[in-house]
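Structure first, then comments.
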Amino acid sequence: MKKLAWQIHASLGMTSDDEVNYLCFTYDPRVATNLGTAFTDELLTSFTRKKEVYYAIQWDEKKGDFSLNVPGVLDALRRFASQKNPVRILGFPAHLYKVIKDHDVHLTMPLDSWIQTGGGWKGFVNEEVPKHQFRHFMATRLGIPESNNRDMFGMVEHGIPYCDCSRGNLHVPNYARVFIRSPRGLKILPQGETGLIHFMCSYVTSYPSISLLTTDYGRLGSCDCGLGGATLEIIGRAGVQKHKGCALTASKLLE
Ligand SMILES: [Zn+2]
């Protein structure tokens, strides 16, 4: 799994030997040992050498709960902007967007800095900013080029990370196959048409999820950035029932 994630990120030009400062809008893994996001954070900070790693969602003894340390985030942003090391900002896009907007942050991050978001805008649907607007906003406020702003998509049951290319499209890695199926009759639909996303994974054999029909709508497309593979656009939930997961729990911290 780790090697696979490395290969995918290397093909996207996201691995490097630089010593990087990390700002993670995620749970402090020293406390949140039982949450799925801790593994993801470890993985996402493993593509470079590390200088400092700042985890923004910390355990608050007084509240007896996790909370987003906003003053700590602002401090980390200023501290990292004043150093030469590249910066990588990881986590839920809503957290980053709100902090930068609410506190009117204007900084210039060092060369080769990146933003790697994931988990979507669950719980903040009304405030969701379209991807191209989010990329432009972060480029103006943090000086991180749009091509270095990458969103990720993954499902724990599928086990393959999907990451934006420089143009902001999710290419289907060669470790996976994706089919779009009609919700009526499950017929495979041609590229460009919207239907239920059917994932196939090349390596999960420990439990029966090699083939996973999701309750999400999506469509396949193409991209001319030079990378191979069709692109996958996730359109949204097809079901009527609410699903809960780590990402949803974390987004509640800002409500
Ligand atoms: Zn592309």
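The values are calculated or read from the model by the stated rules, or taken from the named source; none is laboratory data. The model shown is predicted, which means the values in this text are computed figures rather than measured ones. Methodologically, a virtual Cβ is constructed for each residue, glycine included, from the backbone with ideal geometry; neighbour enumeration extends over all protein chains shown.
Exactly one residue among 229, 239, 168 is touching a Pro at 6+ places or on another chain (Cβ under 8 Å), part of a loop (DSSP other than H, G, I, E, B), at pLDDT below 95 and farther than 24 Å from residue 39 by Cα, and that residue is 229.
From the list 88, 78, which one is at pLDDT 95 or above, surrounded by 14 or more Cβ atoms within 10 Å (Cβ to Cβ) and outside any loop (DSSP other than H, G, I, E, B)? Exactly one residue qualifies, and that residue is 88. Among 17, 104, which is assigned to a loop (DSSP other than H, G, I, E, B) and either farther than 22 Å from residue 146 by Cβ or within 14 Å of the chain's Cα centre (by Cα) (or both)? Going through 17, 104 in turn, just one is assigned to a loop (DSSP other than H, G, I, E, B) and either farther than 22 Å from residue 146 by Cβ or within 14 Å of the chain's Cα centre (by Cα) (or both): 17. Scanning the range 102-123 for residues that are surrounded by 12 or more Cβ atoms within 10 Å (Cβ to Cβ) and touching a Lys or Arg at 6+ places or on another chain (Cβ under 8 Å) returns 105, 107, 110, 113, 114, 115, 116, 117, 123. Report yes if some residue within the range 167-181 is under 30 Å from residue 76 (Cβ atoms) and touching a Phe, Trp or Tyr at 6+ places or on another chain (Cβ under 8 Å); otherwise report no. There is at least one residue in the range 167-181 that is under 30 Å from residue 76 (Cβ atoms) and touching a Phe, Trp or Tyr at 6+ places or on another chain (Cβ under 8 Å).
This table checks each residue for (1) within 16 Å of the ligand (Cβ to nearest atom); (2) crowded, with 16+ Cβ neighbours inside 10 Å; (3) part of a strand (DSSP E or B).
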{"site": "159", "(1), (2), (3)": "no, yes, no"}
{"site": "163", "(1), (2), (3)": "yes, yes, yes"}
{"site": "196", "(1), (2), (3)": "no, yes, yes"}
{"site": "206", "(1), (2), (3)": "no, no, no"}
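Tell me, yes or no, whether the range 60-69 has at least one residue that is buried (at least 18 other Cβ atoms within 10 Å of the Cβ), out of contact with any Asp or Glu (no Cβ under 6 Å at 6 or more places or on another chain) and touching a residue at least 60 places away in the same chain (Cβ under 8 Å). Scanning the range 60-69 turns up at least one residue that is buried (at least 18 other Cβ atoms within 10 Å of the Cβ), out of contact with any Asp or Glu (no Cβ under 6 Å at 6 or more places or on another chain) and touching a residue at least 60 places away in the same chain (Cβ under 8 Å). If you check 185, 226, 143 for being surrounded by fewer than 17 Cβ atoms within 10 Å (Cβ to Cβ), within 24 Å of residue 112 (Cβ to Cβ), more than 16 Å from the chain's Cα centre (by Cα) and not assigned by TED's automatic domain parsing to the domain that holds residue 107, only one passes: 226.
Checking the stated criteria, residue 106 turns out not to satisfy the condition of being at pLDDT 90 or above, within 27 Å of residue 31 (Cα to Cα) and of a type outside the set (Lys, Arg).
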